[in-house]
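**Student:** Below are the structure tokens for one structure; questions will follow.
Computed from the coordinates by the stated procedures, all read-outs in this text should not be read as laboratory data. Computed from a predicted model, the values in this text were never measured in an experiment. In this analysis, Cβ positions are derived from the backbone assuming ideal geometry, glycine residues included, and neighbour counts consider all displayed protein chains.
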Amino acid sequence: MSRTTRRSAAVLLTAGTAALVLAGCTSTAQPAAPSGGDAAAGGPITVNATDAACEISSAEAPAGNISFSIKNSGTKVTEFYLYGTGDRIMGEIENIGPGLSRNLIVEVPDGGAYTTACKPGMIGDGIRNAFTVTGTAARSVDTNARLAEATAGYKRYVGSQIEALVPKTQEFVDAVKAGKVEEAKALFPVSRTYWERIEPVAESFGDLDPKMDGREDDEREQGVGFTGFHRLEKDLWADGLQPDSAAVADQLMVDMKDLQTRVAPLEFTPVQLANGAKELLDEVATGKIEGEEDRYSHTDLWDFKGNLDGSQGAVAALRPVIDEKDPQLGPTLDQRFAAVDALLDEYREGDGYKSYLTLTEDDKKAMAAAVDALGEPISQVAGVVTS
């Protein structure tokens, strides 16, 4: 996801807590075929994204699993979103390069008014179109006890991460307000880790995410105020604490508690989890690998680990379903997760990680290659889960 709606969610799961899964939904309509031009004909809805248009083959689909096939016919890297009420992100696919195509499956059990958007250049509100979902779809948790149990487990996990994120952020905020610069610096990557572990969930709230996790670029490109974690990061490492640093810190806490309130009633789908696992890796491979996430503190490797753990946790949540439907996919994912983890371990320092500045270009290329190799089988998970 672009920085204007910052994403991605992770987990530090033990073997005993790994069996988490999100519930899906089953449409009353016929299931989508693997190819085709629109939902009514049984195929994915095609999206032709250019630098000036977002051409969608159908503005309507029945509730359930909705498939989109997005081709970037423009000259700029683009993104595609399906938004619900209040710009809640129902599904997204990002970093679609010129000439490339990507597929997105979104589970939408409730009929109503939605919005699609292409974002050429990955900035702004995008080129938007109204989209209607008709009818309703039964959630698989209503008929599948395994998915119901797993969904409840994942929801408990998200709640536990929020319960850790809020007080750890409060510690960080208190240190900033007290002028304890070194203490605040030490707390910054720790509190950020909890954020990264639930980033795909947190980023789904398009109004909160830019305020809490936006970068300075967003202010210049979008007119979005530079606040939240990264504004305080700049104050601590680059500019020194400013007269309004305390106010920025207080607002971060207000927004964090708002996030906690909004997350509590959420229900999830397995496709959201599968898509989130891929998004987390895309974040590393297309942006964070360049050191642009924590550009002042250079604590990027903490975020890498959070993203990796989040992706691995999402896959672990879906593993019983993956193993049932594609027994070969799980072992491949295990091996490639282990390869990325081994690379990260080379940069361990105490309880955390070395500065990202210590990595050479060859180090970055090796990391990107390992993440890309992992991303390929993870891109198959959504299709397996919905098959």
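**Student:** Which angle between 0 and 90 degrees, to the nearest 10, do you get for helix 329-345 versus the longest principal axis of the chain when only C-alpha atoms count?
**Tutor:** Around 10 degrees separate the two axes.
**Student:** Over the chain, what relative contact order in percent results from Cα pairs under 8 Å that are six or more residues apart?
**Tutor:** It rounds to 21 percent for the chain.
**Student:** Roughly speaking, what is the stretch gain from residue 360 to residue 182, that is 0.36 nm per residue apart minus the C-alpha to C-alpha distance, in nm to one decimal? Don't jump to the answer; show the numbers that get you there.
**Tutor:** Numbers: separation 178, 0.36 × 178 = 64.08 nm, distance 2.66 nm.
So the chain would gain 61.4 nm between residue 360 and residue 182.
**Student:** Quick check: the angle from helix 270-286's long axis to the longest principal axis of the chain, C-alpha only, nearest 10 degrees?
**Tutor:** That works out to roughly 50 degrees.
**Student:** Sticking with this structure for a sec: Find the percent of Cα-Cα distances in segment 30-137 that exceed 15 Å, and round it to a whole number.
**Tutor:** Numbers: 3327 of 5778 pairs.
Value for segment 30-137 (Cα pairs over 15 Å): 58 percent.
**Student:** For the ranges 117-127, 95-105, what's the packing order if you count other beta-carbon atoms within 10 Å of each residue, average per peptide, and put the highest first?
**Tutor:** On the way: 117-127: 19.8, 95-105: 17.2.
Taking the mean over residues of other Cβ atoms within 10 Å, the ranking is 117-127, 95-105.
**Student:** So, one more: Between residue 349 and residue 207, what is 0.36 nm times their sequence separation minus the Cα-Cα distance? Round to one decimal in nm.
**Tutor:** Numbers: separation 142, 0.36 × 142 = 51.12 nm, distance 3.57 nm.
Computed gain between residue 349 and residue 207 is 47.6 nm.
**Student:** Could you sort out which of 76/364; 155/211; 168/354; 71/278; 177/365; 168/211 sit more than 28 Å apart by Cα distance in this structure? Intermediate results must be reported in sequence, preceding the final value.
**Tutor:** Working: 76/364 24 Å; 155/211 24 Å; 168/354 21 Å; 71/278 18 Å; 177/365 39 Å; 168/211 18 Å.
Among 76/364; 155/211; 168/354; 71/278; 177/365; 168/211, the Cα-Cα distance tops 28 Å for 177/365.
**Student:** Given the DSSP H assignment, sum -39500 (n - 2.57) over each helix run of at least 4 residues in the chain and divide by its residue total; what's the result at 222 nm in deg cm²/dmol, nearest 500? Can you show the working numbers first?
**Tutor:** Numbers: 12 runs with 176 residues, N = 387.
Value at 222 nm, helices only: -15000 deg cm²/dmol.
**Student:** What is the extension gain from residue 341 to residue 166, computed as 0.36 nm multiplied by their sequence separation minus the C-alpha to C-alpha distance, in nm to one decimal?
**Tutor:** Additional length available on full extension: 60.3 nm.
**Student:** Sticking with this one: If we sort 267-280, 179-192, 350-363 on the protection proxy, mean other Cβ atoms within 10 Å, highest first, what's the order?
**Tutor:** Numbers: 267-280: 26.4, 179-192: 18.2, 350-363: 12.9.
Ranked by mean Cβ neighbours within 10 Å, highest first: 267-280, 179-192, 350-363.
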